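Worksheet: the structure to be examined is printed underneath.
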Amino acid sequence: MSSSSSFARLRPLFLLCAAAATAGLSGACAGDARPTAAEFTAAVDEAVLDNSYDLSRAQWVQATYINEDTNALAARASAEFLGRMVEFAKEAATYDAEAAPAEVARKLGLLRSGLTLAAPADEAKLNELTEIMTRMEATYGSGKHCPDGPDTDTCRSLGDLEDVIDNSRDAGGLLDAWEGWRTISPPMRADYERFVDLSNEGARDLGFSDTGAMWRSKYDMPPDDFAGEVDRLWDQVKPLYDDLQCHVRAELSERYGADVVDPTGPIPAHVLGNMWAQSWSNIYDLVAPPAGDPGYDLTEILQNRGTSEVEMVEMAEGFFTSLGLEALPDTFWTRSQFLKPQDREVVCHASAWQLDLDEDVRIKMCIDVNAEDFSTIHHELGHSYYQLGYREQAPLFRDSANDGFHEALGDVIALSVTPGYLVDIGLLDTEPPADADLSLLMRMALDKVAFLPFGLLIDRWRWSVFSGETPPEEYNAAWWRLREQYQGVTAPSARTEDDFDPGAKYHVPGNTPYTRYFLAHILQFQLHRDLCAAIGYEGPLHRCSIYGNEEAGRRLSEMMAMGLSRPWPDALEAATGSREMDATAILDYFAPLADWLREQNEGRTCGWS
Ligand code: X8Z
Ligand code: ZN
């Protein structure tokens, strides 16, 4: 939930003659002069600021208290917002951006390409679309696997099923939980199909070939170049991923047997320690290097010292304030959702909100006391600090340089949660010796390197769905083709077109673009490496922490304060000195592990076909 998606109920603008006409207010502008581009964008800025709170509040209440009423209120608020934003986007396209001052031209461009969801002008279709979106989100949020029927005590929530997938080593139980979660998504399939049609119609009205093309147009470069840029970055990291996949597959095959994990094929998705096989750190013990234990287990430390969920958030805030950033506002602490409520349905998937486009920032999580959620808390606070950082910008610029930056910021901080940092804040007594390095790197690689192809393929699937290259009758098959092609991961049991496995991943029903996370995984290592260099650090990258370093904080603040006001290379340059996204940093970080993986894989047949 970054800010630009949260504008609501925009008051009619006296300036917007074309919009008024579209809305049926004929005569409203008769005799008025057409506003200049600068007047138009200033009026949109004002309208956005005046009205964002109402929509965000309706959405917040729905996400933290799912029922028919909150769904209806959120759908209606979204329809009003979206209808108006689409009008603004069309009106923006009538101006000659090249003739406008640079800042105004940038706003015109953002208005046209900034939407994640476009909608047809027809009011019935607009309402239908926002009802579908709200229903899909609610279906995901309240999804449960109930083998004996709804409301029986056999029902298991996503959290219950994840407990199994994350921790069990029993192939049968894992398969049961994996299939169980995927029973929630077939009911979304018809909605998804209709959503694709309606959102594409809206995107075409704005001059894009489809919704995927609209998504690719937000990166300060031609949309086709962006797809090529993603390919370039993937090509840089693919050899490292392939070596990790090969090693993990060999160890899992040994553990579960060749009948469960084929030592030459793709890895079945249920044995990787994550519901979506997107990061694999929960199977660390199965694939760990034999020597040099990492020396500590953060989950155990947090649980043994009785750390509370709120204390975990306070510790993360402490990292940000050590960089010279301000404490979070009081309302963050009183209005956020940290714990899963026991008495109602909520969307547990973690998110960060800026409801008023200003200081009312909150996070929404269902925190468990473990290392994974400790890292996610840093991720979410990264969003909150970014939002606070750009709040002085014009409303249309209150967002990150591109969406990958928003996703990277908190992860940059989490990369600095090193053993040395844990010693500094008293969670750990002593730093593990240098011979633990390989183990530390493996644990990190299972999270970060394993994620890369997953981060890429979600939108490869959606781009092809939006363009029509993948028709509805191939939704599920195309999904698994991409999973296999990029990740070398396969479905653990037969899947058909009665299934809708993409819908079992939050961002698909939630309509959140996903390439941002791929970019973030590249950018966070680049920011980490270059900040560490800037503060004079010279040791191994995975031992570097920017904790307490105000120069690092200053660079990050400068980047955050720019918001979306400048093309993203300017923001990257402010923090790193470089204007290009560069995957060599993640390769540098994992270089010792890459060598070790290659040795391990000698004599093994890598790859899958
Ligand atoms: O959705 C998220 C964040 C919220 S923006 C928790 N992430 C992706 C996911 O969970 O699939 C962070 C990493 C990837
Ligand atoms: Zn995020």
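Some points to look at:
- Residue satisfying all of: in region 376-392; charged (D, E, K, R) and more than 12 Å from ligand 2 (Cβ to nearest atom); surrounded by the fewest Cβ atoms within 10 Å (Cβ to Cβ) among these: 392
- Yes/no for residue 449 being more than 16 Å from ligand 2 (Cβ to nearest atom), within 24 Å of residue 530 (Cα to Cα), at pLDDT 95 or above and surrounded by fewer than 24 Cβ atoms within 10 Å (Cβ to Cβ): no
- Taking every residue in region 82-105 that is in a helix (DSSP H, G or I) and pairing it with any residue that is acidic (Asp, Glu), at least 6 positions away or on another chain, the pairs with Cβ-Cβ distances below 8 Å are 83/123; 86/205; 90/205; 105/98.
- Residue 179 being assigned to a helix (DSSP H, G or I) and over 23 Å from residue 491 (Cα atoms): no
- Residues (touching a Ser or Thr at 6+ places or on another chain (Cβ under 9 Å) and among the acidic types (Asp, Glu)) located in region 514-540: 530
A quick yes/no check of all residues on (1) part of a helix (DSSP H, G or I); (2) over 16 Å from the mean Cα position of the chain (by Cα):
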| position | (1), (2) |
| --- | --- |
| 443 | yes, yes |
| 447 | yes, no |
| 459 | yes, no |
| 464 | yes, yes |
| 470 | no, yes |
| 508 | no, no |
| 512 | no, no |
| 527 | yes, yes |
| 531 | yes, yes |
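- Of the residues in region 197-211, at least one is of a type in the set (Val, Ile, Thr), within 24 Å of residue 460 (Cα to Cα) and touching a residue at least 12 places away in the same chain (Cβ under 8 Å).
Conditions (1) assigned to a loop (DSSP other than H, G, I, E, B); (2) among the charged types (D, E, K, R), marked per residue:
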{"position": "198", "(1), (2)": "no, no"}
{"position": "207", "(1), (2)": "yes, no"}
{"position": "213", "(1), (2)": "no, no"}
{"position": "224", "(1), (2)": "no, yes"}
{"position": "246", "(1), (2)": "no, no"}
{"position": "253", "(1), (2)": "no, no"}
{"position": "258", "(1), (2)": "yes, no"}
{"position": "261", "(1), (2)": "yes, no"}
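- Residue identified as on the phi > 0 side of the Ramachandran plot and at pLDDT below 95 among 273, 295: 295
- Long-range neighbours under 9 Å by Cβ, at least six apart or interchain, first residue within 16 Å of residue 424 (Cα to Cα) within region 544-557, second among the basic types (Lys, Arg) and at pLDDT 95 or above: 544/529
- Exactly one residue out of 569, 592 is surrounded by fewer than 17 Cβ atoms within 10 Å (Cβ to Cβ), away from ligand 2 (no atom under 16 Å from the Cβ) and more than 24 Å from the chain's Cα centre (by Cα): that is 592.
- Top-ranked residue of region 31-63 - restricted to ones that are crowded, with 19+ Cβ neighbours inside 10 Å and β-branched (Val, Ile, Thr), ranked as farthest from the chain's Cα centre (by Cα): 41
- Any hit, region 80-97, residues being aliphatic (A, V, I, L, M) and closer than 27 Å to residue 364 by Cα: yes
- From the options 504, 520, residue that is within 16 Å of ligand 2 (Cβ to nearest atom), closer than 30 Å to residue 118 by Cα, in contact (Cβ under 8 Å) with a residue 12 or more places away in the chain and of a type in the set (A, V, I, L, M): 520
- If you go through region 410-439 and keep only what is within 30 Å of residue 229 (Cα to Cα), away from ligand 1 (no atom under 11 Å from the Cβ) and assigned to a helix (DSSP H, G or I), you end up with 412, 413, 415.
- Only listed residue being part of a helix (DSSP H, G or I), touching a Leu at 6+ places or on another chain (Cβ under 9 Å) and among the small types (Gly, Ala, Ser), chosen from 173, 202: 202
- Criterion violated by residue 334 - all others in (1) away from ligand 2 (no atom under 16 Å from the Cβ); (2) in a helix (DSSP H, G or I); (3) buried (at least 16 other Cβ atoms within 10 Å of the Cβ) satisfied: (3)
- Boolean, residue 510 is more than 16 Å from ligand 2 (Cβ to nearest atom) and of a type in the set (Gly, Ala, Ser): no
- Of the listed requirements (1) closer than 18 Å to residue 409 by Cα; (2) within 16 Å of ligand 1 (Cβ to nearest atom); (3) β-branched (Val, Ile, Thr), residue 321 misses just one: (2).
- Region 329-346 - residue that is of a type in the set (Ser, Thr, Tyr) and touching a residue at least 12 places away in the same chain (Cβ under 8 Å) and, of those, farthest from ligand 1 (Cβ to nearest atom): 331
- Selection from region 347-363 of residues that are within 15 Å of ligand 1 (Cβ to nearest atom), part of a loop (DSSP other than H, G, I, E, B) and in contact with a Phe, Trp or Tyr (Cβ under 8 Å, 6 or more places away or on another chain): 347, 349
- Only one of the numbered conditions (1) part of a loop (DSSP other than H, G, I, E, B); (2) at pLDDT 95 or above; (3) not charged (D, E, K, R) is violated by residue 283, and that is (1).
- Failed item, numbered, when residue 400 is tested on (1) assigned to a loop (DSSP other than H, G, I, E, B); (2) among the hydroxyl-bearing types (Ser, Thr, Tyr); (3) more than 15 Å from the chain's Cα centre (by Cα); (4) closer than 29 Å to residue 361 by Cβ: (3)
- Residues (over 23 Å from residue 449 (Cα atoms) and either among the basic types (Lys, Arg) or buried (at least 24 other Cβ atoms within 10 Å of the Cβ) (or both)) located in region 484-540: 495, 500, 503, 509
- If you go through region 492-506 and keep only what is among the aliphatic types (A, V, I, L, M) and in a helix (DSSP H, G or I), you end up with just 504.
- Qualifying residue in region 364-374 (condition: within 14 Å of ligand 2 (Cβ to nearest atom) and outside any helix (DSSP H, G or I)): yes
- Qualifying residue in region 265-288 (condition: of a type in the set (D, E, K, R) and over 30 Å from residue 507 (Cα atoms)): no
- Residue match in region 311-330 (condition: small (Gly, Ala, Ser), touching a helix residue (DSSP H, G or I) at 6+ places or on another chain (Cβ under 8 Å), within 16 Å of ligand 2 (Cβ to nearest atom) and within 30 Å of residue 436 (Cβ to Cβ)): yes
- Any chance residue 538 is away from ligand 2 (no atom under 16 Å from the Cβ) and assigned to a loop (DSSP other than H, G, I, E, B): yes
The values are calculated or read from the model by the stated rules, or taken from the named source; none is laboratory data. Since this is a predicted model, take the numbers as computed values, not measurements. With ideal geometry, Cβ positions are generated from the backbone for all residues, glycine too; neighbour counts draw on all protein chains shown.
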